[in-house]
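Visitor: Submitted below is the structure of interest, expressed as structure tokens.
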Amino acid sequence: MGLLLYEEKGHVGILTINRPEALNALNSALIDALSVKLDEISATTIRCLIVTGTGEKSFVAGADISEMKDMNPEEAEAFSAAGNVAMEKVERLHMPVIAAVNGFALGGGLELALACDIRLCSENAMFGLPEVGLGIPPGYGGVQRLARIIGIAKAKELAFTTDRIKAPEALALGLVSAVYPLGELMDAAMQMADKIASNSPMGVWAAKVVANSSVGLPLTKTAGLEVPLFGECFNTNDQKQAMTAFLEKRKPEPFMGK
Ligand code: DAK
């Protein structure tokens, strides 16, 4: 079995980090494989991607500590650069990405979940940034992305203390959108993914681009970001037939992404 598993169900892709012997910790082979796989996924026509981890205990327990331990500064930089590239690829995929967090999401694992668009988790999920307890800072954009989602004070607190939070607190903080019993998590993620996939791909893509390009910037800088994307949608049959269907008081035809 490879370090990554991938399957497609209808318009939805499911990418599983598969290194259960190390609680799916990210070593450089896994990060390289992830980067290649994300390029392949970006060339597909799937409309939503779910990212999860193998097993019932861990989403991703962070970057691989046994591999990092003896790295020299140059190797550490290369490891960190490769990881950052992979996280950015996740964030920039043209389709929404749902993290189905099925256990530990620590360090680089939390950072991977944060690079996804939406997070759902199981009741046994646990989130944290243990890096400063290992002599390093969170490095895959974790503090920056976490601060944008839960606020800078709480993000700093979690990064500085290394405290772990459980699913209910993650829900209260808005870090995850919903919590499910472990056995129901993938069905719930699939249900949400199918719902997203049933909408117009161009509309969903445009909404993702606007959200990602505007976050953290003042409205004075981003007002009107939607204008060209909005215009582009009017080149699609999806827009024409969906608006016609509304006016004819019927359901739209399935969206074709054209
Ligand atoms: N790395 C390597 N192996 C890991 C691992 C990890 N992060 N997490 C778990 N494992 C391995 C354990 O060593 C153990 O292996 P064996 O002993 O069986 O060979 C196996 O997985 C099962 O783990 P445990 O026996 O420890 O299982 P427990 O249920 O007792 O504990 C745990 C689960 C998740 C609480 C515990 O394993 C744990 O604390 N793991 C480490 C979590 C952690 O500290 N993660 C953060 C890693 S640091 C940067 C970029 C990225 C990063 C930093 C900078 N730059 C760009 C600057 C990211 C850093 C990190 O993610």
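The values are calculated or read from the model by the stated rules, or taken from the named source; none is laboratory data. Because the structure is predicted, anything quoted here is derived from the model rather than measured. Backbone-built Cβ (ideal geometry, glycine too); neighbour counts: all protein chains shown. Note: accessible area is taken over every heavy atom of the protein model, side chains too, but ligands, DNA and RNA are not part of it. Shrake-Rupley method; radii C 1.70, N 1.55, O 1.52, S 1.80 Å.
Visitor: Once you keep just the Cα pairs under 8 angstrom separated by 6 or more residues, what percentage relative contact order results for the range 137-258?
Guide: 19 percent
Visitor: Okay, moving on. Straight-line reach from Lys69: which aspartates and glutamates have Cα under 16 Å away, leaving out those fewer than 8 places along the same chain?
Guide: The qualifying aspartates and glutamates are Glu77, Glu131.
Visitor: Then there is this: With a 1.4 Å probe and every protein chain left in place, work out the accessible area per residue of the range 160-228 in Å², rounded to a whole number. All intermediate terms of the calculation are to be shown ahead of the outcome.
Guide: Details: 4140 Å² over 69 residues.
Here the residues of the range 160-228 average 60 Å² of exposed surface.
Visitor: Share of antiparallel DSSP beta bridges in the chain, in percent to the nearest 5?
Guide: Values: 8 of 30 bridges.
Counting only bridges with both partners in the chain, antiparallel ones make up about 25 percent.
Visitor: Please list 3J(HN,Hα) in residue order for the range 20-35, calculated via the Karplus relation 6.51 cos²θ - 1.76 cosθ + 1.60 where θ = phi - 60°; whole Hz, with x for glycine and proline.
Guide: x, 5, 10, 6, 6, 4, 8, 9, 5, 4, 5, 5, 5, 4, 5, 4
Visitor: Tell me the accessible surface of Val176 in square angstrom (1.4 angstrom probe, heavy atoms of protein chains only), to the nearest ten.
Guide: The value for Val176 is about 10 Å².
Visitor: Can you work out the accessible area per residue across the range 1-144, with the rest of the protein chains kept in place, probe 1.4 Å, in square angstrom?
Guide: Using a 1.4 Å probe on heavy atoms only, each residue of the range 1-144 averages 40 Å².
Visitor: Using the Kirkwood radius over C-alpha pairs as Rh, can you work out the diffusion coefficient of the range 108-258 via Stokes-Einstein at 10 °C, viscosity 1.306 mPa s, in µm² per second? Intermediate values should be presented prior to the final figure.
Guide: Details: Rh = 18.0 Å.
After rounding, the answer is 88 µm²/s.
Visitor: On to the next question. If I take R0 = 25 Å and measure r between the Cβ atoms of Glu157 and Ala211 in this structure, what FRET efficiency does the formula 1/(1 + (r/R0)^6) give, to the nearest 0.05?
Guide: Given R0 = 25 Å and the Cβ-Cβ separation, E is 0.45.
Visitor: Among Ile149, Gly107, Ala159, whose Cα lies farthest out toward the positive end of the dipole of the range 101-258, if unit charges sit on the beta carbon of Lys, Arg (+1) and Asp, Glu (-1)?
Guide: Ile149
Visitor: Next up: For the chain, which whole-number percentage of the solvent-accessible area (1.4 Å probe, protein heavy atoms only) is attributable to carbon and sulfur atoms?
Guide: Result for the chain: 59 percent of the exposed heavy-atom area is carbon or sulfur.
Visitor: Let me ask you something else. Which aspartates and glutamates, on any chain, are close to Lys208 with Cα under 12 Å apart, when same-chain ones fewer than 8 places away are left out?
Guide: Glu91, Asp117, Glu226
Visitor: Quick check: convex hull over the Cα atoms of the chain, volume per residue in Å³, rounded to an integer? If you can, show how the numbers build up before the last one.
Guide: On the way: hull volume 36.7 nm³, N = 258.
Per residue, the Cα convex hull of the chain comes to 142 Å³.
Visitor: Per-residue accessible area for Val85 at 1.4 Å probe radius, Å² rounded to 10?
Guide: Ignoring ligands and nucleic acids, Val85 comes out at about 70 Å².
Visitor: To the nearest Å, what is the center-to-center distance of the range 54-110 and the range 184-235, using C-alpha atoms only?
Guide: Going from one Cα centre to the other spans 24 Å.
Visitor: Also, quick follow-up: Per residue of the range 163-176, in order, report the coupling 6.51 cos²θ - 1.76 cosθ + 1.60 (Karplus, θ = phi - 60°) as ³J(HN,Hα) in whole Hz, putting x for Gly and Pro.
Guide: Here the 3J(HN,Hα) series is 4, 9, 10, 8, 3, x, 5, 4, 5, 4, 7, x, 6, 10 Hz.
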